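*Asks:* Take this structure, written in structure tokens, and hold onto it; I'll ask about it next.
Rule-based calculations on the coordinates, nothing more; no lab input. Quantities reported herein were computed from a predicted structural model and do not represent experimental measurements.
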Amino acid sequence: MAHIKKYVDSLPETVDMHEVNVRLQLLEKVWEECNAVQDQLEYNDDETQQLELDREAVTETYCELRARIDRIISEDRRARDVSSAESQMPRATHESGNSLVPKIKLPTIEIPKFRGQITEFRHFYETFSSLIINNQALDDVKKFHYCCLL
């Protein structure tokens, strides 16, 4: 059990959940074997007081490790559930509350080029703002890149 405790004590930030589950199975196996040996010792020995103290110490270690591993597994499941729920939600919404993820396939909107005509500026600005400036899916570098393409 000491090697499993050492493993749990030294877990990094990112954990391989498969390895944690393998360690949990190993912990259960060690626990069963430990109980079998302890039962045999207590059955064959008249001085059970020290053996009972040993059993208590092993039980405490087992319970602590089991609880910690269960917490790690629960936190991982919770994180995966949140991640899964977030991936199913629309990524961004417009101020009106409409989803920016289209439900149907729409034709591609070309980014207009401003050619200096004041009468075309409003159309250019509204389209560019809608597609690029207000697009939450684009970071500032991409927005700047689109601006430079004009």
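*Asks:* What lysines sit close enough to Lys143 to cross-link, taking a C-alpha to C-alpha distance under 29 Å and skipping anything fewer than 8 places away on the same chain?
*Replies:* Lys103, Lys105, Lys113
*Asks:* While we're on this one: Rounded to whole Å and sorted largest first, list the principal axis extents of the Cα atoms in the stretch 1-44.
*Replies:* Rounded to whole Å, the extents work out to 46, 16, 8 Å.
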